[in-house]
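One structure is given below, encoded as structure tokens.
The values are calculated or read from the model by the stated rules, or taken from the named source; none is laboratory data. For clarity, every value in this text was computed on a predicted model and none was experimentally measured. Reconstructed Cβ throughout: ideal geometry from the backbone, glycine too, with neighbour counts over all protein chains shown. Only protein heavy atoms, including side chains, enter the accessible area calculation; ligands, DNA and RNA are left aside. Shrake-Rupley method; radii C 1.70, N 1.55, O 1.52, S 1.80 Å.
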Amino acid sequence: MATSILLSSPFSSLPHLPKPQIISSRPTPIFPYLKHSIPFSSTRQLPLKPLRIFRKISAVGGSDASVQEEPLVGEDSAEFDLAKQKISSWIYFTGILGVVLLVLDVAWIDNSTGYGKVFIDALSGVSDSPEVVMILLILIFATVHSGLASLRDTGERLIGERAFRVLFAGTSLPLAVSTVVYFINHRYDGVQLWQLQTVPWIHHLVGLSNFISFLFLYPSTFNLLEVAAVDKPKMHLWESGIMRITRHPQMVGQVMWCLAHTVWIGNSVAVAASIGLIGHHLFGVWNGDRRLAIRYGEEFEVVKSRTSVIPFAAILDGRQKLPNDYYKEFIRLPYLTITALTLGAYFAHPLMQAASFRLHW
């Protein structure tokens with residue numbers, strides 16, 4: 001991941017000229033430096049906007065101040081324009097959210113009417129080991145979640161973007177709830193491998209790691225209107241904000257969350273959950289890049305060339321140039337909302353644990 005893309009052409013000074021000459025003021029494409037392993041296909045969706053790749057232009061004998069900023073090829077993540085929001089859309093979203101939660105409760109969560117407990121009991125019948133059940137829950141969720149994601153292009157062509165989003169969420173959400181609830185209820189089962197909860201500084205370290213992990217877990221606009229299919233769902237190619245640090249922030253956030261909880265709990269169930277979740281997200285790195293390459297082609301290759309999977313790697317080797325006002329890409333409503341929700345979730349841990357215990361899953 002440490003290879004860099006050539007973004008400038010060195011020019012030597014010209015001593016026989018009376019003054020420096022401007023070599024070019026027109027951006028020049030650099031397609032020779034792009035990978036061409038992904039062939040174009042007439043069936044592949046074309047990029048949503050023209051490919052914009054520019055060479056940095058400087059005057060002969062000029063300073064670094066004359067270098068033009070490299071424009072984004074992908075989208076600006078976490079962008080939120082309050083003036084473009086429609087009250088009717090958010091009213092519609094609130095109604096859909098209420099219906100979804102009601103159906104989820106009746107059809108899955110409520111033990112008297114739903115199938116969630118039946119599902120957990122069936123898996124628990126496979127093995128008495130909570131570690132095995134934990135791995136099975138994650139494996140089933142990962143197969144359904146990543147499998148449907150891989151079929152997204154085909155599914156959207158067959159039934160449309162909104163209908164496929166409903167199918168995707170309606171299948172993944174109950175499985176995710178079951179996995180989380182089972183983990184909460186059985187987190188202290190299994191074999192205790194170490195005990196660090198009495199170490200004075202460990203609680204603060206784990207809490208800080210969890211907080212930072214959620215800033216990675218939800219890296220982009222987190223457009224709730226798209227999630228609820230009020231707006232037509234899209235596959236986005238993000239390039240700003242947290243994406244400058246890592247191209248797969250959700251994987252990084254999940255790894256941080258898993259390591260923090262495993263250090264704190266220190267038993268075999270936590271280790272099993274971490275192995276399953278981290279493995280699922282590492283697969284998602286490969287699968288996500290593959291799907292973006294198919295959808296966006298050359299545009300994705302440009303974004304890939306100046307970002308990295310490992311956090312900060314592209315910045316350290318010079319492929320990613322942070323703007324001077326980079327901090328402004330985080331001072332946006334989505335990131336502020338994530339910060340507030342993360343703090344709220346921390347203080348709501350006792351409520352989450354009590355609600356999970358009452359389900360007896």
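Tell me, which residue of region 272-307 that is touching an Asp or Glu at 6+ places or on another chain (Cβ under 9 Å) and not hydrophobic (A, V, I, L, M, F, W, C) is surrounded by the fewest Cβ atoms within 10 Å (Cβ to Cβ)?
Among those residues, the one meeting the criterion is R291.
Out of (1) in a helix (DSSP H, G or I); (2) in contact (Cβ under 8 Å) with a residue 40 or more places away in the chain, the odd one out for M235 is which?
(1)
Report yes if some residue within region 331-340 is outside any helix (DSSP H, G or I), modelled with pLDDT under 95 and under 28 Å from L292 (Cβ atoms); otherwise report no.
Taking region 331-340 and keeping what is outside any helix (DSSP H, G or I), we get 331-332.
If we keep only those that are modelled with pLDDT under 95 as well, we get 331-332.
Retained after the next criterion (residues that are under 28 Å from L292 (Cβ atoms)): 331-332.
Yes, some residue in region 331-340 is outside any helix (DSSP H, G or I), modelled with pLDDT under 95 and under 28 Å from L292 (Cβ atoms).
Please find, within region 206-215, the residue that is surrounded by the most Cβ atoms within 10 Å (Cβ to Cβ) out of those that are under 14 Å from L259 (Cα atoms) and touching a residue at least 24 places away in the same chain (Cβ under 8 Å).
In the first step, residues of region 206-215 are kept if they are under 14 Å from L259 (Cα atoms); the result is 206-214.
Narrowing the set further to residues that are touching a residue at least 24 places away in the same chain (Cβ under 8 Å) leaves 206-207, 209-214.
Values: V206: 19, G207: 13, S209: 16, N210: 18, F211: 16, I212: 16, S213: 22, F214: 18.
For region 206-215, the residue satisfying everything is S213.
It is to be established whether one or more residues within region 86-104 are in contact with a Pro (Cβ under 7 Å, 6 or more places away or on another chain) and farther than 22 Å from T179 by Cβ. First the steps, then the outcome.
Let us first name the residues in region 86-104 that are in contact with a Pro (Cβ under 7 Å, 6 or more places away or on another chain), namely 104.
Filter once more, keeping what is farther than 22 Å from T179 by Cβ: none.
No, that holds for no residue.
What pairs come out if I take residues in region 262-273 that are at positive phi and β-branched (V, I, T) and pair them with residues that are buried (at least 21 other Cβ atoms within 10 Å of the Cβ) and not in a helix (DSSP H, G or I) whose C-beta lies under 8 Å away, six or more apart or interchain?
Hits for this filter: zero, empty list.
Among the residues of region 102-126, write down those that are within 28 Å of the chain's Cα centre (by Cα) and open to solvent by 60 Å² or more (accessible area, probe 1.4 Å).
Residues satisfying the conditions are L102, V103, D105.
Looking at this structure, is Y218 touching a residue at least 24 places away in the same chain (Cβ under 8 Å), of a type in the set (F, W, Y) and farther than 29 Å from I331 by Cβ? Don't jump to the end; show me each part of the working.
Values: touching a residue at least 24 places away in the same chain (Cβ under 8 Å): yes; of a type in the set (F, W, Y): yes; farther than 29 Å from I331 by Cβ: no.
In short, no.
Report, by residue number, each residue of region 274-308 that is on the phi < 0 side of the Ramachandran plot and outside any helix (DSSP H, G or I). Lay out the reasoning, then the answer.
Narrowing region 274-308 to residues on the phi < 0 side of the Ramachandran plot: 274-296, 298-308.
Answer for region 274-308, where residues must be on the phi < 0 side of the Ramachandran plot and outside any helix (DSSP H, G or I): R306, T307, S308.
Just wondering, is there one or more residues in region 222-230 that are under 30 Å from A107 (Cβ atoms), in a helix (DSSP H, G or I) and modelled with pLDDT of 95 or more?
So the first thing to find is which residues in region 222-230 are under 30 Å from A107 (Cβ atoms), and the list is 222-230.
Still in the running and in a helix (DSSP H, G or I): 224-227.
Add one more test, that the residue is modelled with pLDDT of 95 or more, and what stays is none.
The answer is no, given that none of the residues of region 222-230 is under 30 Å from A107 (Cβ atoms), in a helix (DSSP H, G or I) and modelled with pLDDT of 95 or more.
May I ask you to list pairs of residues, at least six apart or on different chains, whose Cβ atoms are under 7 Å apart, with the first in region 105-127 being without any contact (Cβ under 8 Å) to a residue 60 or more places away in the chain and the second being of a type in the set (G, A, S)?
Taking only residues 6 or more apart or on different chains, the pairs are V106/G114; G114/A107; Y115/A107; F119/S178.
For region 331-344, enumerate the residues that are over 19 Å from the mean Cα position of the chain (by Cα) and surrounded by 11 or more Cβ atoms within 10 Å (Cβ to Cβ). It would help to see each step written out before you state the result.
Pass one, region 331-344, residues over 19 Å from the mean Cα position of the chain (by Cα): 343-344.
Selection gives L343 alone.
Which one of V255, V269, V263 is open to solvent by 30 Å² or more (accessible area, probe 1.4 Å), over 19 Å from the mean Cα position of the chain (by Cα) and aliphatic (A, V, I, L, M)? Spell out how you get there, then give the answer.
Numbers: V255 fails: over 19 Å from the mean Cα position of the chain (by Cα); V269 fails: open to solvent by 30 Å² or more (accessible area, probe 1.4 Å).
The unique qualifying residue is V263.
Evaluate the following for Q250: is it modelled with pLDDT of 90 or more, open to solvent by 30 Å² or more (accessible area, probe 1.4 Å) and under 29 Å from H186 (Cβ atoms)?
The answer is yes for Q250.
Considering region 143-172 alone, what residues qualify as being surrounded by 15 or more Cβ atoms within 10 Å (Cβ to Cβ), farther than 16 Å from F119 by Cα, touching a residue at least 24 places away in the same chain (Cβ under 8 Å) and small (G, A, S)?
Those that are surrounded by 15 or more Cβ atoms within 10 Å (Cβ to Cβ), farther than 16 Å from F119 by Cα, touching a residue at least 24 places away in the same chain (Cβ under 8 Å) and small (G, A, S): S146, A149, A169.
With the condition kept exactly as written, say whether any residue in region 78-94 is farther than 27 Å from M235 by Cβ, polar (S, T, N, Q) and open to solvent by 80 Å² or more (accessible area, probe 1.4 Å). First the steps, then the outcome.
At the first step, the residues of region 78-94 found to be farther than 27 Å from M235 by Cβ are 87.
Those left that are additionally polar (S, T, N, Q): none.
Scanning region 78-94 turns up no residue that is farther than 27 Å from M235 by Cβ, polar (S, T, N, Q) and open to solvent by 80 Å² or more (accessible area, probe 1.4 Å).
Working carefully through the options I135, I202, find the one that is closer than 17 Å to C258 by Cα and either open to solvent by 60 Å² or more (accessible area, probe 1.4 Å) or acidic (D, E) (or both).
Numbers: I202 fails: either open to solvent by 60 Å² or more (accessible area, probe 1.4 Å) or acidic (D, E) (or both).
After ruling out the rest, the residue left standing is I135.
How do the pairs read when you match residues in region 182-196 that are open to solvent by 50 Å² or more (accessible area, probe 1.4 Å) with residues anywhere that are in a loop (DSSP other than H, G, I, E, B), using Cβ under 8 Å and keeping only pairs 6 or more apart or on different chains?
Filtered contacts from region 182-196: Q192/G266; L193/G266; W194/G266; Q195/G266; L196/G266.
Determine if region 208-219 includes at least one residue that is within 30 Å of L82 (Cβ to Cβ) and in contact with a strand residue (DSSP E or B) (Cβ under 9 Å, 6 or more places away or on another chain). Before you say what the answer is, go through the steps one by one.
At the first step, the residues of region 208-219 found to be within 30 Å of L82 (Cβ to Cβ) are 210-219.
Now restrict to residues that are in contact with a strand residue (DSSP E or B) (Cβ under 9 Å, 6 or more places away or on another chain): 219.
Yes, region 208-219 contains a residue that is within 30 Å of L82 (Cβ to Cβ) and in contact with a strand residue (DSSP E or B) (Cβ under 9 Å, 6 or more places away or on another chain).
Given the criteria closer than 25 Å to E70 by Cα and either open to solvent by less than 30 Å² (accessible area, probe 1.4 Å) or in a helix (DSSP H, G or I) (or both), does K328 qualify? Walk me through it before giving the result.
Values: closer than 25 Å to E70 by Cα: yes; either open to solvent by less than 30 Å² (accessible area, probe 1.4 Å) or in a helix (DSSP H, G or I) (or both): yes.
For K328, the condition - closer than 25 Å to E70 by Cα and either open to solvent by less than 30 Å² (accessible area, probe 1.4 Å) or in a helix (DSSP H, G or I) (or both) - is met.
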